[in-house]
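Coordinate-derived values only; no laboratory data. None of the values given here were measured: they were computed from a predicted structure. FYI the Cβ positions are ideal-geometry reconstructions off the backbone, even for glycines, and counts take in every protein chain you see.
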Amino acid sequence: MKISIDGWDAGIRFVAGHFLPSIEKCSRLHGHNYALTIILEGEPDRNGIILDFIKLKEAASKLIEKIDHRMLLPDSGKSMTVRRSGDSISVRFGGKRYQFPASDVVMMPLENVSAEELSAYFAEELARSGIFGSNVRSVSVGVSEGRGQEAWTERHLA
Ligand SMILES: [Zn+2]
């Protein structure tokens with residue numbers, strides 16, 4: 001059995017800036033209105049539910065709060081050089097140099113801030129959040145960069 005939350009309708013959305021240095025168009029600084037869709041697979045517990053929707057939305061909202069209206073940079077990106085000095089963070093790749101106030105930036109534990117890697121990040125963070133009972137077998141997260149364009153990761157739970 002499955003339950004799902006569609007971030008567009010359920011308000012699990014955030015706005016963020018990013019770039020993907022190795023893709024020409026995406027290497028220019030831009031942003032997206034992102035939404036998360038979350039699917040849980042499992043069996044209903046003795047109360048007849050897989051998980052309280054409110055708990056799932058709260059856990060997802062907590063993750064989103066940290067990155068909403070921020071510039072997202074990869075902390076292990078091989079395609080760019082990221083340096084912090086004082087209150088600013090500078091990024092270099094392909095002859096370009098950007099500088100951001102450190103307070104506007106969130107360093108993500110990713111190689112690329114792509115929808116694909118973001119979906120893996122959210123699936124992992126939700127798996128670690130401790131909100132799932134033993135009746136939940138897997139959590140899947142879809143990261144949408146706009147309606148009709150999503151990347152998905154399915155994370156099985158032990
Ligand atoms: Zn983009």
Taking a threshold of 26 Å on the Cα-Cα distance, which of the pairs 2/57; 25/62; 2/66; 2/62 fall above it? 25/62; 2/66
For 81, 153, what ranking results if the residue with the fewest other Cβ atoms within 10 Å of its Cβ goes first? 81, 153
With Cα atoms, 0 to 90° folded angle of helix 115-128 axis to the chain main axis: 50
Degrees separating the helix 53-65 axis from the principal Cα axis of the chain, which is the longest one: 10
Treat every Asp and Glu Cβ in the chain as -1 and every Lys and Arg Cβ as +1, leave all other atoms uncharged, and give the resulting dipole magnitude about the Cα centre to the nearest 20 debye. 540
Sequence-separation-based contact order of the chain, relative, with Cα cut under 8 Å and 6+ spacing, percent: 25
Separation in nanometres of the label points that stand 7 Å from Cα toward Cβ, at residue 23 and residue 104: 2.3
Please go through region 52-158 and write out the trypsin sites (Lys or Arg not before Pro) that DSSP classes as loop and that have at most 12 other C-beta atoms within 10 Å. 66, 78, 147
Please list, by residue number, everything in region 91-124 whose backbone N is under 17 Å from a paramagnetic label point 7 Å out along Cα→Cβ of residue 15. 104-106
Calculate for the chain the 222 nm mean residue ellipticity that helices alone would give, adding -39,500 (n - 2.57) per DSSP H run of length 4 or more and normalising by residue count, nearest 500 deg cm²/dmol. -6000 deg cm²/dmol
